[in-house]
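The values are calculated or read from the model by the stated rules, or taken from the named source; none is laboratory data. It should be emphasised that the depicted structure is a prediction, and the values quoted were computed from it without experimental measurement. All Cβ positions, even for glycine, are placed from backbone atoms using ideal geometry, and neighbour counts span all protein chains on display.
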Amino acid sequence: MPLIKLQTPLQPEPTAVEKLLKALSTALSQQLGKPESYVMTAFEAGIPMTFAGSTDPCCYVEIKSVGQFSGSQTRAMSEAFCGQIEATLGIPKQRIYIEFTDAKGYLWGWNGTTFG
């Protein structure tokens, strides 16, 4: 049920993307206290993007989960995930936006049913 999806204009090596997605999957599971067996990660490379009127490398991240995020959770995740993305992809933290979305269980489908 938790999802973390990254979009960036960069085209990193597939091994770097795989390593990053696995690290983010584990971290998201830990941050939310949910089993990693439900976590999905996605990476969209080569997306034309601007940030602050510049085409310098940037990243947009979506984090969605059933339930509610607390302010302390989103601050901790923002710090952790921006740091991981900066370390792995070289995108400065100040060029990364993260959108956190609470999903109602009945609006999230899986395995032919929903979570609510």
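Considering (1) in contact with a Leu (Cβ under 7 Å, 6 or more places away or on another chain); (2) within 25 Å of G116 (Cα to Cα), say which one F81 fails and leave the rest.
Of (1) in contact with a Leu (Cβ under 7 Å, 6 or more places away or on another chain); (2) within 25 Å of G116 (Cα to Cα), only one is false for F81: (2).
The rows are residues; the columns are (1) among the β-branched types (V, I, T); (2) modelled with pLDDT of 95 or more; (3) within 18 Å of I91 (Cβ to Cβ).
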site: T8; (1), (2), (3): yes, yes, yes
site: P12; (1), (2), (3): no, yes, yes
site: V17; (1), (2), (3): yes, yes, yes
site: L20; (1), (2), (3): no, yes, yes
site: T26; (1), (2), (3): yes, yes, no
site: V39; (1), (2), (3): yes, yes, no
site: F51; (1), (2), (3): no, yes, yes
site: V61; (1), (2), (3): yes, yes, yes
site: K64; (1), (2), (3): no, yes, no
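Considering only the range 43-70, state which residues are over 15 Å from W108 (Cβ atoms) and under 14 Å from the mean Cα position of the chain (by Cα).
F43, E44, A45, C58, C59, Y60, V61
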